[in-house]
Amino acid sequence: MYWRIGSAYHRRPRASNKADFRAIVRRGPPPGLLAFDGDRAVGWCQVTPRDDVPWLDRTWRLKRVDDVPVWSLSCLYVRIGYRKRGVATALIAAALKAAKRAKAPALEAYPVDAAVSPSSSWTGHASTFMRAGFKVVARRIPARPIMRHDLEGKL
């Protein structure tokens with residue numbers, strides 16, 4: 001919910017955030033993808049049209065690069081115990097397929113560049129996105145590139 005409502009996410013009761021997110025899921029389309037190991041959810045990524053996550057444009061370092069109607073992979077989480085086992089890579093690959101099926105011209109991501117900052121990330125690491133074919137299209141601060149994967153071969 002953070003990229004949808006911004007810092008209010010931290011000030012609201014957890015139950016309110018959960019209820020609002022459930023309403024988004026019920027309304028559709030699905031706001032993201034889950035990775036499973038059997039019946040256990042081990043990973044999540046939010047993948048939606050960028051317009052569905054308006055807080056990105058309120059954060060100067062993540063403002064739009066251009067007017068291309070990209071989709072955004074704005075959140076990526078892998079459960080402890082499943083990290084460094086390919087879950088993030090699988091989620092990114094599935095997100096690329098979902099965005100392409102939706103006829104998005106490109107999928108954008110906002111990972112942390114671990115080579116520049118050892119900070120933890122709820123958005124993934126730049127090296128994982130690079131291996132998946134994403135390219136840096138903007139870098140307003142060293143540790144947080146805006147990366148994009150062209151889905152049409154035009155950008």
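The values are calculated or read from the model by the stated rules, or taken from the named source; none is laboratory data. Just so it is clear, the model here is predicted, and its values are computed rather than measured. So basically every Cβ, Gly included, is an ideal-geometry build from the backbone, and we count neighbours across all protein chains shown. Surface areas here come from the heavy atoms of the whole protein model, side chains and all, with no ligands, DNA or RNA. Shrake-Rupley method; radii C 1.70, N 1.55, O 1.52, S 1.80 Å.
Kindly flag which residue pairs out of K63/K103; K63/K135; K18/K84; K18/K103; K63/K100 have an alpha-carbon separation exceeding 26 Å in this structure.
K18/K84; K18/K103
Relative contact order for the stretch 29-96 using alpha-carbon pairs under 8 Å, separation at least 6, rounded to a whole percent?
Values: 87 pairs, mean separation 26.2, N = 68.
Reported as a whole number, the value is 39 percent.
Determine the shape class of the stretch 58-138: with a ≥ b ≥ c the square roots of the Cα gyration tensor eigenvalues, call it rounded for a/c under 1.5, and otherwise prolate if a/b is greater than b/c, oblate otherwise. Display every interim value, and only then the final one.
Numbers: a/c = 1.98, a/b = 1.22, b/c = 1.62.
Here the stretch 58-138 falls in the oblate category.
Of the options V53, A35, C75, report the single residue whose Cα projects farthest towards the positive end of the charge dipole of the stretch 1-120 (beta-carbon charges: Lys, Arg +1; Asp, Glu -1).
A35
Could you tally the net charge around V87, taking each other residue with its Cβ under 10 Å from the Cβ of V87, Lys/Arg +1 and Asp/Glu -1?
Details: positive: R79, R83, K84, R85; negative: D37.
Result for the neighbourhood of V87: +3.
Considering the values (1) 40, 34, 33; (2) 78, 46, 20; (3) 48, 36, 27, which represents Cα extents along the principal axes in Å as calculated for the structure under consideration?
(1)
Could you order Y110, Y77, Y82 so the one with the most accessible surface comes first? Probe is 1.4 Å. Don't jump to the answer; show the numbers that get you there.
On the way: Y110 0, Y77 75, Y82 35 Å².
Result, largest first: Y77, Y82, Y110.
Using a 1.4 angstrom probe with every protein chain in place, what is the largest-first accessible-area order of M147, M130?
Result, largest first: M130, M147.
What's the magnitude of the charge dipole for the chain around its Cα centre, counting Lys and Arg as +1 and Asp and Glu as -1 at the beta-carbon? Answer in Debye, nearest 20. Present the calculation step by step, with values, prior to reporting the outcome.
Details: 29 positive and 12 negative charges, 66 e Å.
Here the chain has a charge dipole of around 320 debye.
When Lys and Arg each count +1 and Asp and Glu each count -1, what net charge do the other residues less than 9 Å away from P69, Cβ to Cβ, add up to?
Surrounding charge for P69 is -1.
For the chain, what is the calculated [θ] at 222 nm in deg cm²/dmol (nearest 500), taking -39500 (n - 2.57) for each run of four or more DSSP H residues and dividing by its residue count? The partial results should precede the final answer.
Working: 5 runs with 43 residues, N = 155.
Dividing the helical sum by the residues of the chain leaves -7500 deg cm²/dmol.
Taking only C-alpha pairs under 8 Å that are 6+ residues apart, what is the relative contact order of the chain in percent? Please list the in-between numbers first.
Numbers: 256 pairs, mean separation 30.2, N = 155.
Relative contact order for the chain comes out at 19 percent.
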